[in-house]
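A short write-up of the structure that comes next.
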Amino acid sequence: MILHTKFEETIEVNESEILQFEHGLPGFEDEKQFVLLPIEGTPFSTLQSVTTKELAFFTTNPFLFFKEYDFELIESVQEQLKIKKEADVQVQVILTIQDPLEKSTANLQAPVVINVKKKLAKQVVLSDNRYRTRHELSESSLGQEG
């Protein structure tokens, strides 16, 4: 299918790449289908709505930046996403991009959890008080060899 993105790109997406968000995203409950588009040459991606061209979020794998990041999915979320094993899970966090890039923040309190086999996804709000909605990337290992 042809997809028009927020960034004025027209790309072809295989329908098998579409992620299903059963309940949408918080604040965007009617948006149920997104694709995760890697940004070439960076550790970032765009979570682009399939139905609303103007709706896209910058995301990243939080484990690249926050080595100690860890959480456990409650059983009901595992069931909703039909997760059988950890290897089927991909985690992304939504970013707020700033200039300079190191001042950008990651929402570690509400990761996007994806079952890559079933193409089911959900933004999960964690009750863990260690995490906030705005963790600066500069607080992490950005730019450091690990």
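The values are calculated or read from the model by the stated rules, or taken from the named source; none is laboratory data. Because the structure is predicted, anything quoted here is derived from the model rather than measured. Positions of Cβ are backbone-derived with ideal geometry, glycine not excepted, and every protein chain shown enters the neighbour counts.
Quick test for you: out of LYS67, LYS84, pick the one residue that is part of a loop (DSSP other than H, G, I, E, B), in contact (Cβ under 8 Å) with a residue 40 or more places away in the chain and not aliphatic (A, V, I, L, M). Before the answer, list the steps.
On the way: LYS84 fails: in contact (Cβ under 8 Å) with a residue 40 or more places away in the chain.
Selected residue: LYS67, the only one of LYS67, LYS84 that is part of a loop (DSSP other than H, G, I, E, B), in contact (Cβ under 8 Å) with a residue 40 or more places away in the chain and not aliphatic (A, V, I, L, M).
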Open item on the list: Pairs needed: first member in region 28-44, part of a strand (DSSP E or B); second member anywhere, modelled with pLDDT under 95 and surrounded by 15 or more Cβ atoms within 10 Å (Cβ to Cβ); C-beta distance under 7 Å; at least 6 residues apart or different chains.
Closed with: VAL35/LEU3; VAL35/VAL13
Task: Test set (1) more than 18 Å from GLU17 (Cβ to Cβ); (2) modelled with pLDDT of 95 or more - GLN90 fails condition number - done: (1)
- [ ] With the condition kept exactly as written, say whether any residue in region 43-53 is surrounded by fewer than 14 Cβ atoms within 10 Å (Cβ to Cβ), touching a helix residue (DSSP H, G or I) at 6+ places or on another chain (Cβ under 8 Å) and under 17 Å from GLU136 (Cα atoms).
- [x] yes
TODO: Could you tell me which numbered condition VAL91 fails, if it satisfies all but one of (1) assigned to a loop (DSSP other than H, G, I, E, B); (2) surrounded by 14 or more Cβ atoms within 10 Å (Cβ to Cβ)?
DONE: (1)
